[in-house]
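Enquirer: Following this message is one structure expressed as structure tokens.
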Amino acid sequence: MRYTMAGWMLVAMVGLGANGAGQGPTARAAHADPQGNIRGKLIGADGKPIGSAWVTAIPAEGEIPDDKPEQLTEEDGSFSLDVTPGRYLVVANFDWPATEAAPVLTTYYPSAEKEAEAKAVVVAANQKVTGIDIHVTRVLTPKYFNVVVMGADGGPAANADAYLTQTNQAGIAGTDGGVSFAKDGKVRLLGFAGLDYLLFAEVGHGAAKVCSPVMKLPHDLDPPPAITVTLSLKQPACGQQEDAARKAAYATQTR
């Protein structure tokens, strides 16, 4: 799945209730009549379980459907995904950002950060496959960027949105799924040490959208007290930047 810019904003996901096909309020089932199940745990680099991270099952080959099964891990790191029979790659934070609560990069079962190194899980009809534990290999350290968004008039840009896009790894890092509202032109964005990012900001919609040039934030950058970006570009340049940021974010995904 490739997100639109609107899709990068916080998405409210409501699971099915006890009488539905889901696994509770934090689950999303891919099929109304599932015939198989995948269960396991998400385990951090320190050996402790990780809760509140999204775990997804995607087809091992072919197109990835929009209604793929997805669930937030429980406090003990456990997850349960209903699927139809087939071969799947089970992956944590496939298209969701790392957060302080769940500092997890995209990680495929059993412990791969790239799809090509993942191990497929085969599920037969009416089969429950257990022990599919995903082992995270990196410990992520939060790294904050204080951003000041300036308008073309030289003053703080009210009502602007700032984006922090993680490059070469699926998932957009930052408050509320990658976008943060810059009140009075100021915002604090969450990233993690050791990762490269793209930073940009925008205000308005459609043809009226105005944005800042993309700024590269390399992994070895020691963040200054504040990073200033200026809204100086218009369409179609803003749309072209968004497309480039998506490509950077999904650089390691082959589909």
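Enquirer: Please give me the summed charge of the neighbours of G77: other residues whose Cβ is under 13 Å from its Cβ, Lys and Arg +1, Asp and Glu -1. Numbers along the way, then the final one.
Expert: Working: positive: R39, K41, K48; negative: D46, E74, E75, D76, D133.
Value of the local net charge: -2.
Enquirer: Additional query: Name all residues of the range 67-87 having a backbone nitrogen under 19 Å from the label point set 7 Å from the Cα of A101 along its Cα→Cβ direction, giving them as ranges.
Expert: Only 70-80 fall inside the zone, counting backbone N under 19 Å.
Enquirer: Less than 19 Å apart at the alpha-carbon level, and either on another chain or at least 8 residues along: which aspartates and glutamates does that give for K183?
Expert: Within the straight-line cut-off, K183 pairs with D153, D161, E202.
Enquirer: Summing Lys, Arg as +1 and Asp, Glu as -1, what charge do residues with Cβ under 15 Å from the Cβ of L89 carry, L89 excluded? Could you put the intermediate results ahead of the total?
Expert: Working: positive: K68, R87, K114, K119, R255; negative: E61, E63, E70, D95, E113, E115, E117, D133.
It works out to a net charge of -3.
Enquirer: Per residue Cα convex hull volume for the range 142-249, in cubic angstrom? Present the calculation step by step, with values, prior to reporting the outcome.
Expert: Working: hull volume 9.4 nm³, N = 108.
About 87 Å³ per residue, rounded to a whole number.
Enquirer: Consider a paramagnetic label point 7 Å from the Cα of A116 along Cα→Cβ; state which residues of the range 212-255 have an amide N under 17 Å from it.
Expert: Flagged as within label range: 250-255.
Enquirer: Step through the table entries K48/K114; K68/K234; K114/K216, compare each Cα-Cα distance with 31 Å, and write down the pairs that go over it.
Expert: Details: K48/K114 22 Å; K68/K234 36 Å; K114/K216 23 Å.
Those over the limit are K68/K234.
Enquirer: Search the structure for amide H atoms under 5 Å from the amide H of V83, placed 1.01 Å from N in the peptide plane, and list their residues when 5 or more places away or on another chain.
Expert: Amide H neighbours of V83, under 5 Å, 5+ apart: Q35, G36, N37, I38.
Enquirer: Where Lys and Arg each count +1 and Asp and Glu each count -1, what net charge lies around I58 among other residues with Cβ under 12 Å from its Cβ?
Expert: On the way: positive: K68, R87, R255; negative: E61, E63, D66, D67, E70, D95, E115.
Here the count lands on -4.
Each value in this text was obtained by applying a stated rule to the coordinates, not by laboratory testing. Note that this is a predicted model, so its numbers are computed, not measured. Cβ sites come from the backbone with ideal geometry, for glycine too, and all protein chains shown count toward neighbours.
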